[in-house]
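First up is the structure itself, then whatever we jot down about it.
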Amino acid sequence: MPTIAVVPGDGIGTEVIGEALRVLAAIAPDAQTEVFDLGAERYLRDGTTMPADVVRRFGSEFDAVLLGALGDPRVPSNVHAKDILLGSRFQLDLYINFRPCKLLDARYCPLKHATEADVDFVVFRENTEGLYTGVGGQFKRGTADEVAMEQEINTRKGVERIIRAAYAWARQNGKTRVCMSDKANAMRHGHDLWQRVHKEVAAEYPEIKSSHLYVDVLAMRLVQAPQDFEVIVTNNLFGDIITDIGAALQGGLGLASSGNINPGKAALFEPVHGSAPDIAGRGIANPFASILTVGMLLAYLGRPADEARIQKAVQRCLKDGQVTRELGGTLSSREATDAVLAAL
Ligand code: NAD
Ligand code: IPM
Ligand code: MN
């Protein structure tokens, strides 16, 4: 019986997770969920962002965490999101941000002539260091002489384990191409480390064709020739950016799912999108990203057949045009989920 901690969070996070939980209940009635009241509302109410015992419980008492989104215009510092989302990633050491980009129906791809087979790659985004650690500082803030520094952290351990995870996954899943992306031409210290570690790890996988692209060229190639890619591995910030390009290739943020994983230890699954304040509260957000995220979570818990069923059901809805407005449909979040449940 899987136990799942649920953090709906803010904005459309609460709406799409509500829908995703209906699908979870239908497909895995044995799953036990505990919903955590964490997010902007809680922070504004009592100042709590992420209690230490909750992060600890996420790692020790639950098989996985399902999260919606965090971010609220009433909290401009975004402190709660940093503590809850980045806090979970860092404290649970969820070093793999696994983000598949798979086109389920060609009509939603913005590229002319793209077929479903053309967009089918996964991104391994480093998730515990890079430019995200908050290391840095401000000096003479608010004066004409002010200085603001954001340090990029690249450790041998961190770089090696994400590159290794990408190659190991490629091998396990019968993939033949891995592309590492950095900006070593401009970032001579940290990204030189990526270059050296990549060469070492790639040498252990002679059957896999390894390649390298600077991230600017990767951004272009993803749009021009997504079919060239099977597995991409990159750092935290570049991974954030290119997976929004990947989301666009799939049909938008309403369809992109992700897992934050430390294999065998802890995992947190979430849609790639944010809290979308521009559409929050209207019941029109696309729930498919969160529903597909539930599939990914179940596969992680050893139920790949459930993931396949969920993916097929969502694909059926996409084919039938049973979709929310941003994809050209007329359905509300609830109606789109009803369509998935019917297809299941
Ligand atoms: P966003 O992903 O929330 O929205 C970007 C655009 O995509 C918006 O126009 C939105 O309406 C649309 N969109 C996103 N998800 C959608 C869905 N399911 N259905 C239909 N349309 C959808 O990004 P943003 O506007 O840059 O960020 C809003 C807030 O969310 C910020 O506070 C940001 O920090 C936060 N954020 C959180 C996460 C997370 O919790 N993992 C991820 C990204 C952004
Ligand atoms: C994501 C989000 C987060 C990130 C933000 C909310 C900090 O954009 O999960 O993609 O950049 O990792
Ligand atoms: Mn992002």
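We did not get these values from a lab; they are worked out from the coordinates using the rules stated. Quick caveat, the model's predicted, so the values are computed rather than measured. Backbone-built Cβ (ideal geometry, glycine too); neighbour counts: all protein chains shown.
Couple of notes before you dig in:
- Burial ordering of E204, E15, fewest other beta-carbon atoms within 10 Å first: E204, E15
- Its Kirkwood hydrodynamic radius, worked out from the mean inverse distance over all distinct Cα pairs, puts the chain at 20.7 Å.
- Label point 7 Å beyond Cα of K265 along Cβ direction - residues of the range 292-321 with amide nitrogen under 19 Å: 300-301
- Volume of the convex hull of the range 110-250 (Cα atoms only), normalised per residue: 126 Å³.
- Working note: Debye formula, equal point scatterers on the alpha-carbon atoms of the range 189-344, no solvent; log10 I(q)/I(0) at q = 0.11, 0.12, 0.17 Å⁻¹ is -0.55, -0.65, -1.14.
- Counting only residues at least eight positions apart within a chain, or on another chain, the aspartates and glutamates with an alpha carbon under 17 Å from that of K140 are E150.
- Prolate/oblate/rounded label for the range 274-344 (Cα gyration tensor, a/c 1.5): oblate
- Within the range 122-154: backbone nitrogen closer than 17 Å to the M187 label point (7 Å, Cα to C-beta): 124-137, 149-154
- By the count of neighbouring beta-carbon atoms within 10 Å, fewest first, V159, V197 end up ordered V197, V159.
- Whole-angstrom gap from the range 278-306 to the range 24-53, using each part's C-alpha centre: 16 Å
- Residue-averaged 222 nm ellipticity for the chain, from DSSP H runs of 4+ at -39500 (n - 2.57), nearest 500: -12000 deg cm²/dmol
- Average Cα contact separation per residue, the chain, under 8 Å, 6 or more apart, as relative contact order %: 22 percent
- When each of K157/K265; K82/K157; K102/K319 is checked by Cα-Cα distance, pairs over 21 Å: K82/K157
- Computed across the range 48-142, the Kirkwood hydrodynamic radius from all distinct Cα-Cα pairs reaches 16.6 Å.
- Excluding same-chain neighbours fewer than eight residues apart, the aspartates and glutamates reachable from K209 by a Cα-Cα span under 13 Å are D228, E230.
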